[in-house]
Amino acid sequence: SLASTAITCFTRGLDLRKETEDVLCPANCPLWQFYVFGDGVYASLSSVCGAAIHSGVITNAGGAVRVQTLPGQENYPAVNANGIQSQVLARWASSFSVTRTKNTALEAVGRSVSTARPSTGKRPKKPLDKKAGNKDCKADIAFLIDGSYNIGQRRFNLQKNFVGKVAVMLGIGTEGPHVGVVQASEHPKIEFYLKNFTAAKEVLFAIKELGFRGGNSNTGKALKHTAQKFFSLENGARKGIPKIIVVFLDGWPSDDIEEAGIVAREFGVNVFIVSVAKPTTEELGMVQDIGFVDKAVCRNNGFFSYQMPTWFGTTKYVKPLVQKLCSHEQMLCSKTCYNSVNIGFLIDGSSSVGDSNFRLVLEFISNVAKAFEISDIGSKIAAVQFTYDQRTEFSFTDYTTKEKVLSAIRNIRYMSGGTATGDAISFTTRNVFGPMKDGPNKNFLVVLTDGQSYDDVRGPAAAAQKAGITVFSVGVAWAPLDDLKDMASEPRESHTFFTREFTGLEQMVPDIIRGICKDFLDSKQ
């Protein structure tokens with residue numbers, strides 16, 4: 001049939017009913033929310049639109065995709081492609097592949113017709129909604145301009161012209177990028193915030209009005225101040241949108257910029273440095289730290305530094321800079337749920353579980369942990385096993401790489417004994433989460449149990465939640481639903497999971513990951 005079903009960003013292969021189905025993906029799905037397992041052949045657990053972008057069939061502008069159901073397989077690989085990191089899956093019962101649809105004149109049927117406009121080529125193009133701005137460029141940007149004596153009044157005006165051109169080309173709008181300006185000199189001055197203007201015209205006018213301050217080029221001080229103060233929700237920063245500071249530097253900073261770079265990274269801000277008129281060989285002696293660019297940028301990978309020889313004839317430099325600022329998936333310093341959570345697993349080691357089921361529990365934990373970016377500045381994982389007694393298998397600070405965490409999980413030995421879940425929750429809150437309570441990450445506890453607890457779980461779970469820990473309860477076999485609900489955070493329905501068989505744990509993996517990400521985004525950030 002010519003008809004094509006409009007689907008959502010989250011529709012999975014297993015949600016489709018036919019062997020071969022033509023679907024329409026909406027535009028602007030948040031890339032980081034996609035769960036994709038495999039490469040070319042995808043586990044049916046994967047998001048269809050995510051797989052289509054991953055394989056290059058469509059871009060994030062959405063479009064028509066043909067989905068073909070395939071048999072299940074083992075060892076779906078993890079591959080990073082087109083801004084999506086697919087994940088490993090040991091095995092799954094069915095798969096699918098995605099290809100371009102042969103037919104262009106697709107009629108969209110279904111609910112999300114508005115987001116998935118068919119490209120029939122007959123209709124006139126909708127005028128770009130000027131107010132909304134460029135929706136494909138999601139960014140909250142602070143331009144940190146150089147107002148020091150280094151640059152002087154005349155080049156300061158050329159700098160303003162350049163920043164104005166960048167602002168216009170970005171496509172500022174209510175749903176596009178938002179920008180503000182901070183002037184660095186002796187003391188930093190926030191000239192205007194993200195929330196002050198949402199139209200390019202207004203921003204241009206505000207930039208024209210900026211007065212030159214003069215003074216030392218204390219870029220480090222200004223960068224630190226901007227990272228700490230500029231991006232608050234009350235100043236107009238938006239949740240889940242990358243925070244970016246573009247530092248313009250004429251010459252070199254008068255102060256130390258390294259510490260400011262560290263602070264910016266801690267706050268989840270992506271720092272770019274646009275350096276103009278690099279110090280000459282004769283001038284290098286006056287520069288406090290020759291490697292100042294590498295120390296301040298988000299990552300020293302070449303992407304975050306940008307050079308212009310002078311302030312004259314800069315028009316050709318506008319577009320490449322804008323393209324960088326709009327590359328959502330390159331913003332490696334943004335705080336996402338993947339790099340900003342601590343997940344503690346509390347594992348039932350009671351004798352009713354049994355050895356082979358205990359392996360399935362460890363596999364479940366590995367598959368959840370695997371989805372996160374584990375590092376000393378990223379996400380962290382801990383595990384505690386309990387019977388009547390508790391044993392910390394490893395704490396949050398023990399392992400700072402994914403490989404080490406996964407190998408530690410594989411090496412957990414089954415204890416076998418009774419079931420005191422309440423005690424175990426109290427133990428974990430105090431000993432495992434206690435040391436992390438002032439850290440930047442959001443805390444999650446996943447409790448896995450297969451039976452009735454001998455002690456009260458409600459009190460300890462309430463205390464854990466009061467300490468800022470979000471609790472997910474996962475029950476298997478004989479775990480009573482009342483206990484599971486009593487342990488789980490609100491809303492309880494979305495934090496309680498249950499399966500009759502241990503083999504059912506595997507299917508819960510994406511739901512747990514998605515639940516953690518949803519809570520992360522909903523929490524103030």
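For Trp478 and Leu332, FRET efficiency with R0 = 45 Å and r from the beta-carbon atoms, rounded to 0.05?
E(calc), rounded to 0.05, equals 0.50.
Can you compute the equivalent ellipsoid semi-axes for the chain, i.e. the square root of 5 times each eigenvalue of the Cα gyration tensor, sorted largest first and rounded to whole Å?
Result for the chain: semi-axes of 45, 32, 19 Å.
Which length gain, in nm to one decimal place, applies between Phe205 and Glu266 when the Cα-Cα distance is subtracted from 0.36 nm times their residue separation?
Length gained, Phe205 through Glu266: 18.7 nm.
Between 0 and 90 degrees, rounded to the nearest ten: what's the tilt of helix 355-369 against the longest Cα principal axis of the chain?
Computed tilt is about 10 degrees.
Convex hull over the alpha-carbon atoms of region 140-330: what's its volume per residue in Å³?
With only Cα atoms used, region 140-330 gives 106 Å³ per residue.
Could you tell me which GluC sites (Glu not before Pro) in region 1-79 are loop residues by DSSP with no more than 12 other beta carbons within 10 angstrom of their beta carbon?
Glu19
Ala461: net charge of surrounding residues, Cβ under 13 Å, Lys/Arg +1, Asp/Glu -1, itself excluded?
-3
Please give the contour-minus-distance gain from Phe303 to Lys135: 0.36 nm per residue of separation, less the Cα-Cα distance, rounded to one decimal in nm.
Here the segment from Phe303 to Lys135 would lengthen by 58.2 nm.
³J(HN,Hα) across region 223-230 via Karplus (A = 6.51, B = -1.76, C = 1.60, θ = phi - 60°), whole Hz, x for Gly/Pro?
So the J values, rounded to whole Hz, are 5, 5, 4, 5, 4, 7, 10, 6.
From the backbone phi of region 478-489, what are the Karplus-calculated ³J(HN,Hα) couplings (6.51 cos²θ - 1.76 cosθ + 1.60, θ = phi - 60°) in whole Hz, Gly and Pro given as x?
Each residue's phi maps through the Karplus curve to give 9, 5, x, 4, 4, 4, 4, 5, 5, 7, 6, 6 Hz.
Say each of Gln228 and Lys278 gets a label point 7 Å from the Cα, pointing the same way as Cα to Cβ; how far apart are those two points in nm?
3.2
What is the diffusion coefficient of region 141-251 in µm²/s, taking the Kirkwood radius over Cα pairs and the Stokes-Einstein relation at 4 °C with a viscosity of 1.567 mPa s?
Approximately 93 µm²/s, per Stokes-Einstein.
Translational diffusion coefficient of region 5-100 at 37 °C, 0.692 mPa s, Stokes-Einstein with Kirkwood Rh over Cα pairs, in µm²/s as a whole number.
My calculation gives 260 µm²/s for D.
Principal axis extents for region 186-247, Cα atoms only, whole Å, descending order, please.
Principal-axis extents of region 186-247 (Cα, largest first): 34, 26, 18 Å.
Between Asp456 and Tyr149, what is the label-to-label distance in nm when each label sits 7 Å out along the Cα-to-Cβ direction?
Modelled inter-label distance: 7.0 nm.
Rounded to whole Hz and in sequence order, give me ³J(HN,Hα) for region 57-66 from the Karplus expression 6.51 cos²θ - 1.76 cosθ + 1.60, θ = phi - 60°, writing x for Gly and Pro.
Here the 3J(HN,Hα) series is 5, 9, 9, 6, 7, x, x, 8, 9, 9 Hz.
Tell me which residues come under 5 Å, amide H to amide H, from Val247 once H is placed; ignore anything under 5 positions away on its chain.
Distant-sequence amide H within range of Val247: Leu144, Phe272, Ile273, Val274.
Computed on alpha carbon atoms, what radius of gyration and Dmax characterise region 328-376, expressed in Å?
Cα radius of gyration and Dmax of region 328-376 are 15.2, 48 Å respectively.
Hey, with R₀ at 35 Å, roughly what FRET efficiency would Val168 and Glu74 work out to, going by the Cβ-Cβ distance, to 0.05?
Efficiency, rounded to the nearest 0.05: 0.10.
Using a 1.4 angstrom probe on heavy atoms only, work out the carbon and sulfur share of the accessible area of the chain in %.
So the carbon and sulfur contribution to the accessible surface is 52 percent.
Set the Förster radius R0 to 51 Å, insert the Cβ-Cβ distance between Ser375 and Ala3 as r into 1/(1 + (r/R0)^6), and round the FRET efficiency to 0.05.
0.65
Please give me, ordered by residue number, the trypsin sites (Lys or Arg not before Pro) of region 482-525 that lie in loop per DSSP and have at most 13 other Cβ atoms within 10 Å.
For trypsin sites (Lys or Arg not before Pro) across region 482-525 that sit outside H, G, I, E and B with at most 13 neighbouring Cβ atoms in 10 Å, the list reads Arg500, Lys524.
For the Cα atoms of the chain, what angle does the longest principal axis make with the long axis of helix 505-522, in degrees from 0 to 90, nearest 10?
Rounded to the nearest ten degrees, it is 40.
Quick check for you: with a 1.4 Å probe and neighbouring chains kept, what is the accessible area per residue of region 311-357, in Å²?
Accessible surface, normalised per residue, equals 38 Å².
The values are calculated or read from the model by the stated rules, or taken from the named source; none is laboratory data. Here the structure is a predicted model, which means the values were calculated and not measured. Note: ideal-geometry Cβ built from the backbone for every residue, glycine included; neighbour counts use all protein chains shown. For the accessible areas, the whole protein counts, side chains as well, though only heavy atoms, and no ligand, DNA or RNA atoms are used. Shrake-Rupley method; radii C 1.70, N 1.55, O 1.52, S 1.80 Å.
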